[in-house]
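Down below is the structure, laid out as structure tokens.
No lab work stands behind these numbers, since they all come straight from the coordinates. Worth saying up front: this structure is predicted, and the values here are computed from it rather than measured. With ideal geometry, Cβ positions are generated from the backbone for all residues, glycine too; neighbour counts draw on all protein chains shown.
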Amino acid sequence: MTAEPPIVDRETWSRERRTLLDREKAHTREGDAIAAVRRRLPMTEVDAGTTLVGPDGPVSFLDVFDGRDQLIVYKHMWHLGAGIEGQCEGCTASIFDVHDASYLNHRGVSFAVFCEGPWDEIAPYREFMGYTLPWYSMLGVDDDAVGHGVIDEPGNLACYLRHGDRTYLTNETVGRGVETIMLQAHLLDLTVYGRQEAWQNSPPGWPQHPTATWWTKNNRPVPQWTRPEPGRCCG
């Protein structure tokens, strides 16, 4: 039987929750302070003419801004020749909740995914997964600020600024910094059992599975099992 929290009266529950709320507010204020420093980071120029490949063929990095002054890019890993079912579970979890960039667009920010794979492999994967936002192949791109990443770790988020025809890298984050866009991870964190993984500090008896398995089912990305034609990849 799975363990459960102790049962208390409503007044006790309310008192304990308010105590935690004070810590949550402090955490939010610290996040605001860090964001203020982030907004003051310097930037480094990026070659605006760097060529990527999209559904209509080669495009320049500048074109990806789609006329806006800012751009956020998720850099998606790719396992060459592995098919739809063999792609990165972590990258799938990172990008899956970003289906509409309307609020970003409202503030002059475009959103795109840059993928390490060739376009002829990316296109059927993007269609199968139901992604609607722009994807581009960054295969062969030499400038790390556009391609793999300056921090040199795949699966990262990068932010850019455009001044006329010149473009700049303003921020890049990897690892758990990418959780910014992982809505369902944050929602799991609000639940009593969290992400149910071994790395989390949980009371005895709480369900805990190996790390990085909340996004994986039978060694494949979880959302693939709910796609309209699962037989194409999942049997």
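Miscellaneous remarks
- The set of residues in segment 156-169 that are surrounded by fewer than 18 Cβ atoms within 10 Å (Cβ to Cβ) and not acidic (Asp, Glu) comprises LEU161, HIS163, GLY164, ARG166, TYR168.
- Given (1) within 16 Å of the chain's Cα centre (by Cα); (2) loosely packed, with under 14 Cβ neighbours inside 10 Å; (3) closer than 22 Å to GLY177 by Cβ; (4) among the hydroxyl-bearing types (Ser, Thr, Tyr), index of the condition TYR103 fails: (1)
- Of the residues making up segment 78-98, those that are closer than 18 Å to GLY54 by Cβ and out of contact with any His (no Cβ under 7 Å at 6 or more places or on another chain) are TRP78, VAL98.
- Within segment 135-235, strands (runs of 3 or more DSSP E) holding 1 or more residues that are over 18 Å from the mean Cα position of the chain (by Cα): 157-163, 166-173
- Comparison of LEU21, LEU41, LEU71 shows that the only residue that is farther than 22 Å from GLN184 by Cβ and in a strand (DSSP E or B) is LEU71.
- If you go through segment 157-178 and keep only what is under 20 Å from GLY67 (Cα atoms) and of a type in the set (Ser, Thr, Tyr), you end up with TYR160, THR167, TYR168, THR170.
- Note on segment 11-57: residues that are surrounded by 10 or more Cβ atoms within 10 Å (Cβ to Cβ), more than 23 Å from the chain's Cα centre (by Cα) and closer than 14 Å to THR170 by Cβ total 1.
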